[in-house]
Amino acid sequence: LSFVFFSEALRPLSALPVATVVTDFKSGTPRKTGVDLDISLLGEGYFEVRTGEGLAYTRLGALRLDEQGRLVTQNGYPVSGLSGEIVLSSPAPVIERNGRVFEKGIQVAQIKVVSFDQSARLRSIGGGLLVPATAASPQEVSSPSVVQGHLESSNVDSAREMISLVETFRHFESGHRVLQAYDDIRDKIFRNLGQF
């Protein structure tokens, strides 16, 4: 009489490995808002902002002016220009595709757009902000593509994610049925053992 024990299948769910959570950094589609201080990035790059804990990076381009006239994020973090903080006299500047900022025909700043090497890992610190998870230095993007009056939409494809969710649920159901079959086999084995 021999017995086969399905030790892997009978492991508690808490002991199973958890999938790693990763961030999808693909760019989304620009959505027109018509607001002068809304800006969107096409392609690679991040805006650099200064927080209380240091520099952080974001693609959220819904900007505003604070009481000092500084260009800041909705959370009040100053946006970096090539020469430091960007200070404007009105909320209606002209922002060119390369990030140069004009007021009354005069260039007053240029928005700093940076990128990271593909091997660099970025982690979220909330509020749409990212920081390098390792000692990675940002490089200035030489030819950024900034679009004024637009905001970047989510890069999530709702239809595709719904299909993926349904497929995942079906895999879960299949796995659950397999576990139930193993439980039935185990119960039968123990019942048969009791007859000896």
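Amide H contacts for Y77 (H built 1.01 Å from N in the peptide plane; partners 5 or more residues away or on another chain; cut-off under 5 Å): none found. The aspartates and glutamates whose alpha-carbon is closer than 18 Å to the alpha-carbon of K104, local same-chain residues fewer than 8 away aside, are D36, E96. For Q110, the residues whose modelled amide H falls within less than 5 Å of its own, excluding neighbours fewer than 5 places apart on the same chain, are L82, S83, V101. For region 36-124, the alpha carbon convex hull comes to 100 Å³ per residue, rounded to a whole number.
So what's region 68-190 giving for Cα Rg divided by 2.2 N^0.38 Å, two decimals?
Working: Rg = 24.9 Å, N = 123, 2.2 N^0.38 = 13.7 Å.
With N residues counted in region 68-190, Rg over 2.2 N^0.38 Å equals 1.82.
When the Cα positions of A92, L71, I125 are compared along the charge dipole of region 51-196, I125 comes out farthest toward the positive end, with charges on each C-beta of Lys, Arg, Asp and Glu. Phi-derived couplings, Karplus 6.51 cos²θ - 1.76 cosθ + 1.60 at θ = phi - 60°, listed residue by residue for region 62-78: 7, 10, 8, 9, 8, 5, 8, x, 7, 6, 10, 6, 4, 8, x, 8, x Hz, with x used for Gly and Pro. Ranking of H150, H176 by solvent-accessible surface, largest first: H176, H150 (1.4 Å probe, protein heavy atoms only, all chains present).
Counting heavy atoms of the protein chains alone, L130 has an accessible area of about 20 Å² for a 1.4 Å probe.
The values are calculated or read from the model by the stated rules, or taken from the named source; none is laboratory data. None of these values were measured; they are calculated from a predicted model. Cβ coordinates were reconstructed from backbone atoms using ideal geometry, including for glycine residues, and neighbour counts include every protein chain displayed. In case anyone asks, the SASA skips ligands and DNA or RNA and just uses the protein heavy atoms, side chains included. Shrake-Rupley method; radii C 1.70, N 1.55, O 1.52, S 1.80 Å.
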